[in-house]
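Trainee: I'd like to ask you about the structure that follows.
The values are calculated or read from the model by the stated rules, or taken from the named source; none is laboratory data. Keep in mind that what you see is a predicted model, and the values were worked out from it rather than measured. FYI the Cβ positions are ideal-geometry reconstructions off the backbone, even for glycines, and counts take in every protein chain you see. Ligands, DNA and RNA are excluded from the accessible area calculation, which covers all protein heavy atoms including side chains. Shrake-Rupley method; radii C 1.70, N 1.55, O 1.52, S 1.80 Å.
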Amino acid sequence: MSAVRDHIERIRDRITMACDRAGRNPAELRLLLATKTVNAADIREAFFAGQTLIGENKMQEVKEKFEALKDVPHETHFIGHLQTNKIKDMIRYGVSCIQSLDRPGLAAKLQDRLSEVEKNMDVLIQVNTSGEASKFGVSPEQAADLVRYVAGFDRLHIRGLMTIGLFDADAERVKACFQRLRHIRDEIMLQDIPGVSMKELSMGMSNDLELAIAAGATIVRVGTAIFGKRQYPDSYYWNENK
Ligand SMILES: *Cc1c(COP(=O)(O)O)cnc(C)c1O
């Protein structure tokens, strides 16, 4: 068995066990493969092991892998910091959901471009639940306002929220981030905003997916535990200055 296939099985087991403990049905959970820096051959390996959803952080990587992956049915979400000059490519290369929508200006530009080409896009609103300046995302206090604003754009379909938990050895502090996202979701649901679904909670990664599942995650995003360590530190992807 290939390493990738083997690692995916182990992640599936972790997801199943976490669901058991939380009294949840594993069928409610989607596994997104975080494929930044991962080559197309390894991603294909994961597809042949039954996976269908990948997430990329940079448009350049979506483009580079597009040809090599297009014969295998799959879905690509965008999970990185999105610059407005990449919107055209995003639509052209078939990204089906932007999980990292975090500011009004980006939403307005997306709406303009999508209208021009008469397409729609699913989005999640990224919330910065850890308060760390190094991470993108709207503040928890402003999340509901951003949802209401984005809901005004007919080309953008809000499906829920996304967050990156705090990196901390203290599980309680990590858990607090995930619970916070869930509370924000619940509060937004109470407002019953037309056209807004709060079905998805995208949270949990290699090191903290159990905590996220206990707090209600519907999508967990896993990279390292499946594809191994990356060459670049994550700050390379999460920090605007790089
Ligand atoms: C890299 C990345 C992940 C996966 O992180 P791992 O610790 O490698 O599992 C999840 N979400 C986002 C937004 C990422 O950039």
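Trainee: Provide the gained length on full extension for the span D13 to E28, in nm with one decimal, where the gain is 0.36 nm per separating residue minus the Cα-Cα distance. Display every interim value, and only then the final one.
Mentor: Numbers: separation 15, 0.36 × 15 = 5.40 nm, distance 1.46 nm.
The span from D13 to E28 would gain 3.9 nm if fully extended.
Trainee: Sticking with this one: If you roll a 1.4 Å probe over the heavy atoms of the protein chains, what accessible area per residue do you get for the chain, in Å²? Don't jump to the answer; show the numbers that get you there.
Mentor: Working: 11570 Å² over 242 residues.
Here the per-residue accessible area is 48 Å².
Trainee: Right, here's the next one. Using a 1.4 Å probe, how large is the accessible area of E141, given in Å² and rounded to the nearest 10?
Mentor: 130
Trainee: Once the dipole of the chain is set up with Lys and Arg at +1 and Asp and Glu at -1 on Cβ about the Cα centre, which of G131, M203, L31 lies farthest towards its positive end?
Mentor: The one lying farthest along the dipole's positive direction is L31.
Trainee: Take K63 and T84, extend 7 Å from each Cα along the Cα→Cβ direction, and tell me the distance between the two endpoints in nm.
Mentor: Result: 2.0 nm between the two label points.
Trainee: Going by accessible area, probe 1.4 Å, with all protein chains left in place, what is the ranking of E9, E61, largest first?
Mentor: Values: E9 100, E61 20 Å².
Listed by decreasing accessible area, they come as E9, E61.
Trainee: Right, here's the next one. Have a look at G160, G23, G152 and tell me which one the Gaussian network model of the chain (Cα, springs below 10 Å) gives the largest fluctuation.
Mentor: G23
Trainee: Only residues of segment 212-228 count here: report those whose backbone N is under 17 Å from the spot 7 Å along Cα→Cβ of S2, or say none.
Mentor: Once the point is set 7 Å along Cα→Cβ of S2, 223-228 turn out to lie under 17 Å by backbone N, inside segment 212-228.
Trainee: Oh, and also: What does the charge dipole of the chain about its Cα centre add up to, to the nearest 20 debye, if the Cβ of each Lys and Arg holds +1 and the Cβ of each Asp and Glu holds -1? Before the final figure, lay out each step's value.
Mentor: Numbers: 34 positive and 34 negative charges, 60 e Å.
Dipole about the Cα centre, nearest 20: 280 debye.
Trainee: Could you work out how much longer the chain between N120 and A41 gets when fully extended? Use 0.36 nm per residue separation minus the Cα distance between them, nm to one decimal. Don't skip to the answer; put the middle values down first.
Mentor: Values: separation 79, 0.36 × 79 = 28.44 nm, distance 3.01 nm.
Separation in residues times 0.36 nm, less the Cα-Cα distance, equals 25.4 nm.
Trainee: Quick one: with all protein chains in place, what share of the accessible area of the chain is carbon or sulfur, to the nearest percent (1.4 Å probe)? All intermediate terms of the calculation are to be shown ahead of the outcome.
Mentor: Numbers: 5460 of 11570 Å².
Ligands and nucleic acids excluded, carbon and sulfur reach 47 percent.
Trainee: Below 10 angstrom from the Cβ of L53, what's the summed charge of the other residues (Lys, Arg +1; Asp, Glu -1)?
Mentor: Values: positive: R30, R221; negative: E75.
Spelling it out: positives minus negatives among the neighbours equals +1.
Trainee: Using a cut-off of under 17 Å, list every residue of segment 4-35 whose amide N is near the label point 7 Å from the Cα of D186 along the Cα-to-beta-carbon line.
Mentor: 22-24
Trainee: Something else about it: In square angstrom, rounded to the nearest 10, how much accessible surface does K88 have for a 1.4 Å probe?
Mentor: Rounded to the nearest 10, the figure is 110 Å².
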